[in-house]
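The values are calculated or read from the model by the stated rules, or taken from the named source; none is laboratory data. Treat the numbers as computed from the prediction; the structure is a model and nothing was measured. A quick note on method: Cβ atoms are made from the backbone with ideal geometry, for glycine too, and the neighbour counts reach across all protein chains shown. Ligands, DNA and RNA are excluded from the accessible area calculation, which covers all protein heavy atoms including side chains. Shrake-Rupley method; radii C 1.70, N 1.55, O 1.52, S 1.80 Å.
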Amino acid sequence: MTVETPFPIEFADRLKELPPYLFVEIDKAKRAAKAAGRNIIDLGIGDPDTPTLPHIVQALKQAVEDPANHRYAFDAGLPSLRVEIANWFKNRFNVALDPNTEIYPLVGSKEGLAHLPLGIINPKDKVLLTDPAYPAYRASLTFAGAKIVNVPLKESSGFLPDLKKVEQFKDIKAMYVNYPNNPTSATATKEFYQELVAIAKAKGIILISDMAYSEIYYDGQKPVSILEIDGAKDIAIEFHSFSKTYNMTGWRIGWACGNTKLIEALGKVKTNYDSGIFQAIQVAAITALKTKDEDLEILRNLYQERRDCFIMGLRSIGWKIPAPKAAFYVWGKIPKGFANSMETAKAFLEKADIVATPGVGFGEAGEGYIRMTLTITKDRLTEAVDRFKKIL
Ligand SMILES: *Cc1c(COP(=O)(O)O)cnc(C)c1O
């Protein structure tokens, strides 16, 4: 519906600068298909399908009853939460963090990732962005007026950026890395980070690492944090999330950690935008961080079983996709006979009632690929393979 206004109301220029939202058509088609009662298998959503672990829900119930948790929270979070994050980080990565200056809780890691550029990027500053990428990086850099320089992630290099190329760029202010990666599910090694940190130090590049999938890994191969590298704290900030680790996407809580100056910049921006995280959620998050590893292992095993079943099923019908080592995304080359990723996604929806995400939606270098998630049951994944068999 268009509403008459007494004068033209226009979006600000920065909104016009945003990259086009490529999923409009597919979203529309998906909604229409669902409304028409078609039995849609949705491999498009990156959101855990199983509930938040019950001990965390219980902790929230208790915390919410306490009026002390009803008021404005501290911007920088409960000191006890920051201490618990530091404990968790020490246990998981053997990295010591100062809870007062090197950790900052966030209203979900996306919030922090999206606000950071306002604190450290000036208009026209050049920023390296690995491509394909989680869309929030590009949007928030656009808002900050950054000049984005894309660094393609190629399958032949394990979806890691070519560091020889990175070294050749001039006047780069910052660079993003995201491992385990969304959408490719690729992981980074310690050697890669060592080399990257050395280059970044030599060239004065701030490193921004997004580790939302740190605890979703397979075959016992734990992803490494960039902060494990000696001296990384001098130049790097890393974003962590409760969302995927504990099935807490709707709760909106995460944290940033690393370099004090970068944390301070983020905190200054945030103080002017939000007033902290609902304190009851912070209290429950402390409980979440104390979760026994066995409980997380159950979740990892669930995704691993789905992964193995889906990848093997796809192979059996001739669609060969490497098994992800981490995260819950299957990132595959589009099958033969399809023009591009958008056409592939449209055909999947029209002919098989399957929703998948076209790679190009994550950046130009994502063209030729399609992303499918493991956040549905094994039975539904098997059903998806059967449907693919009929159309491929
Ligand atoms: C899910 C996701 C996030 C967002 O996590 P929240 O803490 O829920 O905001 C950040 N980065 C990547 C790559 C993600 O896939």
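Below, the figures for the structure above:
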{"item": "Reference-scaled alpha-carbon Rg (2.2 N^0.38 Å with N residues) for the chain", "result": "1.00"}
{"item": "Global geometry of segment 41-97, whether rounded, prolate or oblate, following the gyration tensor of its Cα atoms and the 1.5 cut on a/c", "result": "oblate"}
{"item": "Prolate/oblate/rounded call for segment 88-196, Cα gyration tensor, a/c under 1.5 rounded", "result": "oblate"}
{"item": "Proximal lysines relative to LYS34, as straight alpha-carbon distance under 17 Å, when same-chain residues fewer than 8 apart are discounted", "result": "LYS346, LYS351"}
{"item": "Probe 1.4 Å, protein heavy atoms only - accessible area per residue of segment 54-289 in square angstrom", "result": "40 Å²"}
{"item": "Relative contact order of segment 47-172, defined on C-alpha pairs under 8 angstrom at six or more residues apart (%)", "result": "15 percent"}
{"item": "Extreme residue, positive dipole direction of segment 178-287, given options MET211, TYR273, PHE239 (C-beta unit charges)", "result": "TYR273"}
{"item": "Accessible surface of segment 54-289 [probe 1.4 Å, protein heavy atoms]: carbon and sulfur percent", "result": "52 percent"}
{"item": "Max mean-square fluctuation residue, GNM over the chain, Cα-Cα springs under 10 Å, options GLY220, GLY267, GLY46", "result": "GLY220"}
{"item": "Solvent-accessible surface (1.4 angstrom probe) belonging to LYS16, in square angstrom, nearest 10", "result": "120 Å²"}
{"item": "Gyration tensor verdict on segment 70-119 (Cα atoms; rounded if a/c is under 1.5, prolate if a/b is larger than b/c, oblate otherwise)", "result": "oblate"}
{"item": "Highest-fluctuation residue, THR357, THR287, THR245 considered, GNM on the chain with Cα pairs under 10 Å", "result": "THR287"}
{"item": "Computed accessible area, GLU155, all protein chains, 1.4 angstrom probe, square angstrom", "result": "70 Å²"}
{"item": "5 Å-binned pair-distance histogram of segment 8-130 (Cα, whole percent)", "result": "2, 6, 8, 12, 14, 14, 13, 13, 12, 5, 1, 0"}
{"item": "Mean separation of Cα contacts under 8 Å, 6 or more apart, over the residue count of segment 54-289: relative contact order %", "result": "31 percent"}
